[in-house]
Amino acid sequence: MKVYNIFDNLVFSKDREIEETIFENDQVKIIRICSLDQATDFYDQDQLEIVKIVRGRARLEIEGEVLDLKEGDILPIHPHKIHRVLSQDKTIWLCIFVK
């Protein structure tokens, strides 16, 4: 059994978010994302996504509502809720996708 530490081997890029898969099977995918100040396009996903801000801050838009997330916040984003990241500040995300 392998232990994963979310703070090990952090890599940030000015060009893009850095994603690393922690775990994946037929039902669940867990990834860590390291972001500087990237904004994203809109997402429309088939899965439930649960995001946790491990470190940093982020501003998201979900179905026209703007939310400010801080360290420790957890947010479920239900399937087909149109969303995007407006801004972030050297953020470490833990994202769980339920397939």
Next on the checklist: Please compute the Kirkwood hydrodynamic radius over the range 46-99, one decimal place, Å, based on all pairs of different Cα atoms.
Outcome noted: 11.2
Next on the checklist: Using a 7 Å offset from Cα along Cα-Cβ at Ser13, what residues in the range 55-99 end up with backbone N under 17 Å from the label point?
Outcome noted: 90-93
Checklist outcome for this item: Options (1) 16.5, 58; (2) 15.2, 52; (3) 13.1, 42 are given for Rg and Dmax of the Cα atoms in Å, and the computed one is (3)
Checklist outcome for this item: Cross-link reach from Lys99 to lysines, straight Cα distance under 27 Å and at least 8 residues apart if same chain, gives Lys2, Lys29, Lys52, Lys70, Lys81
Item to check | Estimated FRET transfer efficiency when R0 is 22 angstrom, pair Val3-Lys52 (beta carbons, to 0.05) | outcome: 0.75
Checklist outcome for this item: Distance in Å, no decimals, from the C-alpha centre of the range 1-25 to the one of the range 50-99 is 17
Item to check | Inter-label distance, nm, simple model (7 Å from Cα along the C-beta direction), Asp68/Thr40 | outcome: 2.1
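Each reported figure results from applying straightforward, stated rules to the coordinates on display, with no laboratory input. In this text the structure is predicted, and so the values were computed from the model without any measurement. Positions of Cβ are backbone-derived with ideal geometry, glycine not excepted, and every protein chain shown enters the neighbour counts.
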